There are 2 protein chains.
Amino acid sequence: MKLSPAVEKYVLHWGEMGTRWGTNRTVAQIQALLYLSPRPLRADEIVDLLSVARSNVSTSIRELQSYGLVKMTHMLGDRRDYFESLSDVWELFRVIMEQRKQRELNPTLSMLRTCAIEVADEEETDEITKQRIRNMLQFVETTSDWYEQIQEIPTSTLQKIMKLGAKITGIVEK
Amino acid sequence: MKLSPAVEKYVLHWGEMGTRWGTNRTVAQIQALLYLSPRPLRADEIVDLLSVARSNVSTSIRELQSYGLVKMTHMLGDRRDYFESLSDVWELFRVIMEQRKQRELNPTLSMLRTCAIEVADEEETDEITKQRIRNMLQFVETTSDWYEQIQEIPTSTLQKIMKLGAKITGIVEK
DNA sequence: CTTAAATTTCAGATTAAACAGAAATGAGAG
DNA sequence: CTCTCATTTCTGTTTAATCTGAAATTTAAG
């Protein structure tokens, strides 16, 4: 079993990018592999195709499952686990955004709220500093609210909105 | 010289988050420190406040400057370099997004274009796989185009759009 | 031109994360 | 109940990135 050149290129690139997206190389590679695979794969097949340790595949798949990006399935008369990825790119995007919001935006939001309260009582702190913390808090709050609402919009509508791009400005300004 | 408790908390948190945002702890801490500082700071002041090596500050500031997040200034009769951060949060956001687009989205886009072309000629590759690559390419292209257009929208308009949130759906559907 | 202050470069040390392989656990077949 | 196949857990190793401190370079003042 061997990956085709194009698939290999895709998987390797995805692995590299994964490290920038808050996960590690193997996790991202497995996700890419499962996304591209026309059928669910077993852990031992993944070991073969990516040349990584069995234990590494186990841990990585667990992580992907916890994100909701990968589901386990079974074949009749075969007790081994098979895995498949979400195949809809918009769905993938939604799940990843949700994860990032939870791991990055939410903790930052609570830190900023705490800081904004605490700094208000600090006599040694310059007013400019206090204002900057408030500004950042407001920005992250706005972003966070927006995020949450965007999550609810159905894919087809989201596509339309994105296609509009900057034309949205005209509509809003009216 | 010492940071106030709230400022320290902010800086430390920002440092941790920085690692998830494609940069390292020190770079993010310095950016946070300069953002909160009511006046430009010298490298040696940053060394004091953050307890990091002078050389580390030098390298980190260089990185921040290359992103356009930090500018160098000078004081009359003082040949030491002073540094200050962009202070407008929306401006900060814009610059960071632009960096991320260049370092993540663009390389992925060109990888996907190459893969989409190459995979078309692969007889060994399943049609489903080919379609998935095309789908991902289309998604990233849409996202990339949208990104670029959003960059051009002035802050005040952007704020209005984000405040609208999901209400945008109603407007678009008309 | 010399000197001293400021900054940058670079090589090695430190640290944290990712990974492999062995051992342990679990689950179904007979 | 026992045996075998499959999976997970755990520990030690490897790898990569970050950071430090010393040396080199730059810059301006005298």
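The values are calculated or read from the model by the stated rules, or taken from the named source; none is laboratory data. Computed from a predicted model, the values in this text were never measured in an experiment. In this analysis, Cβ positions are derived from the backbone assuming ideal geometry, glycine residues included, and neighbour counts consider all displayed protein chains.
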Worksheet item: Based on what the data block shows, is B:Ile117 within 20 Å of the chain's Cα centre (by Cα) and β-branched (Val, Ile, Thr)?
Response: no
Practice prompt. List every residue pair whose Cβ atoms sit under 6 Å apart, with the two residues 6 or more apart in sequence or on different chains, where the first one lies in the range A:2-19 and is closer than 12 Å to A:Leu49 by Cβ and the second, anywhere, is among the polar types (S, T, N, Q) and not in a helix (DSSP H, G or I).
Written response: A:Ser4/B:Thr125
Worksheet, complete the sentence: Filtering the range B:27-52 down to residues that are assigned to a loop (DSSP other than H, G, I, E, B), touching a helix residue (DSSP H, G or I) at 6+ places or on another chain (Cβ under 7 Å) and within 14 Å of DNA strand C (Cβ to nearest atom) yields B:Val52
Practice prompt. Output yes when any residue across the range A:9-26 is in contact with a Cys (Cβ under 9 Å, 6 or more places away or on another chain), at pLDDT 95 or above and away from DNA strand C (no atom under 16 Å from the Cβ), and no when none is.
Written response: yes
Item to complete: Tell me, please, whether a residue that is within 13 Å of DNA strand D (Cβ to nearest atom) and either touching a Leu at 6+ places or on another chain (Cβ under 6 Å) or not polar (S, T, N, Q) (or both) can be found in the range B:1-9.
Response: no
Item to complete: Just need a number here: residues in the range B:53-88 that are within 28 Å of B:Ser156 (Cα to Cα) and either near DNA strand C (Cβ under 8 Å from one of its atoms) or aliphatic (A, V, I, L, M) (or both).
Response: 5
Item to complete: State all residues of the range A:128-140 that are within 7 Å of another protein chain (Cβ to nearest Cβ) and of a type in the set (A, V, I, L, M); if no residue qualifies, say none.
Response: A:Ile128, A:Ile133, A:Met136
Worksheet item: Taking the range B:16-30 on its own, how many of its residues are in contact with a Ser or Thr (Cβ under 7 Å, 6 or more places away or on another chain) and more than 10 Å from chain A (Cβ to nearest Cβ)?
Response: 4
Response to the item:
Residue hits (the range B:63-116; over 24 Å from A:Gly18 (Cα atoms), without any contact (Cβ under 8 Å) to a residue 40 or more places away in the chain, more than 10 Å from every other protein chain (Cβ to nearest Cβ) and not in a strand (DSSP E or B)) are B:Gln65, B:Gly68, B:Leu69, B:Leu76, B:Gly77
Worksheet item: Has the range A:49-57 got at least one residue that is at pLDDT 95 or above, surrounded by fewer than 18 Cβ atoms within 10 Å (Cβ to Cβ), closer than 21 Å to B:Cys115 by Cβ and within 14 Å of another protein chain (Cβ to nearest Cβ)?
Response: no
Practice prompt. Only one of these is β-branched (Val, Ile, Thr), over 28 Å from B:Ala166 (Cβ atoms) and within 12 Å of chain B (Cβ to nearest Cβ): A:Thr143, A:Thr125, A:Thr155. Name it.
Written response: A:Thr125
